[in-house]
Amino acid sequence: MNYLQQFQSVFRAQKRGVAKLIVQHRADSWQGQTAAGVVVQLTGAGYTAGQMVFYDVYSGKILETAPDVQVVELKV
């Protein structure tokens, strides 16, 4: 058992968000909008404007495409 890897994995946690890609700034830089209307800066290549994507809230990196359905954000 590698205790160092277990310890480091605690700090690499992801918090996923969902956004619709609005504007492409460069080949890998996007401006997206969440369901709540918040504008976020995202990075990732191979996407098109209008796509829904999952992204890491902490780093702004696009993780994968999301289904194009209506999303409701609930605060807990």
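Nothing in this text is a laboratory measurement; each read-out follows from the coordinates by a stated rule. Computed from a predicted model, the values in this text were never measured in an experiment. We place every Cβ from the backbone using ideal geometry, glycine too, and count neighbours over all the protein chains shown.
Annotation note: chymotrypsin sites (Phe, Trp or Tyr not before Pro) in region 9-76 located in DSSP loop regions with a Cβ neighbour count of at most 10 within 10 Å are F11. Taken about its Cα centre, region 4-76 carries a charge dipole of roughly 180 debye when the Cβ of each Lys and Arg holds +1 and the Cβ of each Asp and Glu holds -1. Per-residue ellipticity at 222 nm computed for the chain from its helices equals -3000 deg cm²/dmol, with DSSP H segments shorter than 4 residues left out and the rest contributing -39,500 (n - 2.57).
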